[in-house]
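Participant: A single structure is presented below for examination.
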Amino acid sequence: SQTGRLIDDVLQTDAALNPGNSGGPLVDSRGQVIGINTAIIPGAQGICFATAIDTVKLVVMQILRDGRVRRGYLGLAGANQEISRRVVRHFSLDNSRAVRVESVEKGGPADEADVQSGDLIVRFDGEPVNGIDDLHRLLVAERIGRASRLTFIRRTQRFDVEVIPRER
């Protein structure tokens, strides 16, 4: 996206997409809907993007069930950061990137789990966290209100804490 955030599960296409006709189906050569046309990059020779049908199905089901897309939040601001090879080896990590915590919202889930500025989040519920996009993708509606394991590095120690994501 323009902000640098990953737009998950999109397809690049050269299908004609003009202002006002996004939202139409992207079909394959067999006539099967494989996505929903979403965006175009102006001046980029017709490069368009469609949201993949699997994501569309998930979003539509959430909207029909809940009236909106629900996401969990931890109450922290973070930035993507490389992890030094020494730290990766020392803690036997399987990822070389993490989320560096920049700030923690007072009284939020991360604060209640004793997460502090400077901590490096490396795993969430057993899944590696290589950056903000990974963490965001893992904070699905099913995790709201459910205890999850957050693994972070603080200076020379590794912490595994329980955190309960909330809905904003």
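Participant: Filter region 106-148 for residues that are within 18 Å of Val88 (Cβ to Cβ), open to solvent by 40 Å² or more (accessible area, probe 1.4 Å) and touching a helix residue (DSSP H, G or I) at 6+ places or on another chain (Cβ under 8 Å) and give the result.
Facilitator: Matches in region 106-148: Glu127, Pro128.
Participant: Looking only at residues in region 1-15 that are hydrophobic (A, V, I, L, M, F, W, C) and modelled with pLDDT of 75 or more, which one is nearest to the chain's Cα centre (by Cα)? Don't jump to the end; show me each part of the working.
Facilitator: Step one: filter region 1-15 for residues hydrophobic (A, V, I, L, M, F, W, C), giving 6-7, 10-11, 15.
Restricting the remaining residues to those that are modelled with pLDDT of 75 or more gives 10-11, 15.
Details: Val10: 14, Leu11: 17, Ala15: 27 Å.
Taking the candidates together, the pick is Val10.
Participant: Let me ask something else. So which residues in region 78-113 are closer than 19 Å to Ile164 by Cβ, among the aliphatic types (A, V, I, L, M) and part of a strand (DSSP E or B), if there are any at all? Don't jump to the end; show me each part of the working.
Facilitator: First pass over region 78-113, keeping only residues closer than 19 Å to Ile164 by Cβ: 78, 99, 101, 104-113.
Those left that are additionally among the aliphatic types (A, V, I, L, M): 99, 101, 104, 110, 113.
Within region 78-113, Val99, Val101, Val104 qualify.
Participant: Inside region 93-145, can you point out the residues that are of a type in the set (Val, Ile, Thr) and either touching a Pro at 6+ places or on another chain (Cβ under 8 Å) or on the phi > 0 side of the Ramachandran plot (or both)? Show your work before the answer.
Facilitator: Within region 93-145, the subset of a type in the set (Val, Ile, Thr) is 99, 101, 104, 115, 121-122, 129, 132, 140, 144.
Within region 93-145, Val122, Ile144 qualify.
Participant: Could you tell me how many of the residues in region 62-77 are in contact (Cβ under 8 Å) with a residue 60 or more places away in the chain and closer than 14 Å to Pro165 by Cβ? Before you say what the answer is, go through the steps one by one.
Facilitator: Here is the first cut: in region 62-77, the residues in contact (Cβ under 8 Å) with a residue 60 or more places away in the chain are 62, 66, 69-75.
Right, trim to closer than 14 Å to Pro165 by Cβ and you get 70-75.
Residues meeting the conditions: 6.
Participant: Now a separate question. Hey, among the residues in region 19-37 that are part of a loop (DSSP other than H, G, I, E, B) and at pLDDT 75 or above, which one's most open to solvent (accessible area, probe 1.4 Å)? Let's see the steps before the verdict.
Facilitator: Initially, region 19-37 is screened for residues part of a loop (DSSP other than H, G, I, E, B), giving 19-24, 28-32.
Then keep just the ones that are at pLDDT 75 or above; that gives 22-24, 28-32.
Values: Ser22: 67, Gly23: 50, Gly24: 19, Asp28: 40, Ser29: 125, Arg30: 178, Gly31: 54, Gln32: 96 Å².
Here the answer is Arg30.
Participant: In addition: Anything in region 38-58 that is in a helix (DSSP H, G or I) and either open to solvent by 80 Å² or more (accessible area, probe 1.4 Å) or closer than 23 Å to Gly131 by Cα (or both)? List them, or say none.
Facilitator: Residues of region 38-58 that are in a helix (DSSP H, G or I), as a first pass: 53-58.
Listed by number, the residues that qualify are Asp54, Thr55, Lys57, Leu58.
Participant: Moving on. List the number of the failed condition for Ile36; all other conditions in (1) closer than 30 Å to Glu167 by Cα; (2) out of contact with any helix residue (DSSP H, G or I) (no Cβ under 6 Å at 6 or more places or on another chain) hold.
Facilitator: (2)
Participant: Return the residues of region 149-168 that are open to solvent by 40 Å² or more (accessible area, probe 1.4 Å) and either touching a Pro at 6+ places or on another chain (Cβ under 9 Å) or not basic (Lys, Arg) (or both); say none if nothing qualifies. Steps first, please.
Facilitator: Here is the first cut: in region 149-168, the residues open to solvent by 40 Å² or more (accessible area, probe 1.4 Å) are 149, 155-160, 162, 164, 166-168.
Residues satisfying the conditions are Thr156, Gln157, Phe159, Asp160, Glu162, Ile164, Arg166, Glu167.
Participant: Need the failing condition index for Arg68 against (1) within 30 Å of Gly145 (Cβ to Cβ); (2) assigned to a loop (DSSP other than H, G, I, E, B); (3) open to solvent by less than 70 Å² (accessible area, probe 1.4 Å), just the number.
Facilitator: The single condition Arg68 does not satisfy is (3).
Participant: Exactly one condition in (1) farther than 30 Å from Gly35 by Cα; (2) within 18 Å of the chain's Cα centre (by Cα) is not met by Lys57; state its number.
Facilitator: All conditions are met except number (1).
The values are calculated or read from the model by the stated rules, or taken from the named source; none is laboratory data. Please read all numbers here as calculations on a predicted model, not as lab measurements. Methodologically, a virtual Cβ is constructed for each residue, glycine included, from the backbone with ideal geometry; neighbour enumeration extends over all protein chains shown. The accessibility values were calculated without ligands, DNA or RNA, using every heavy atom of the protein model including side chains. Shrake-Rupley method; radii C 1.70, N 1.55, O 1.52, S 1.80 Å.
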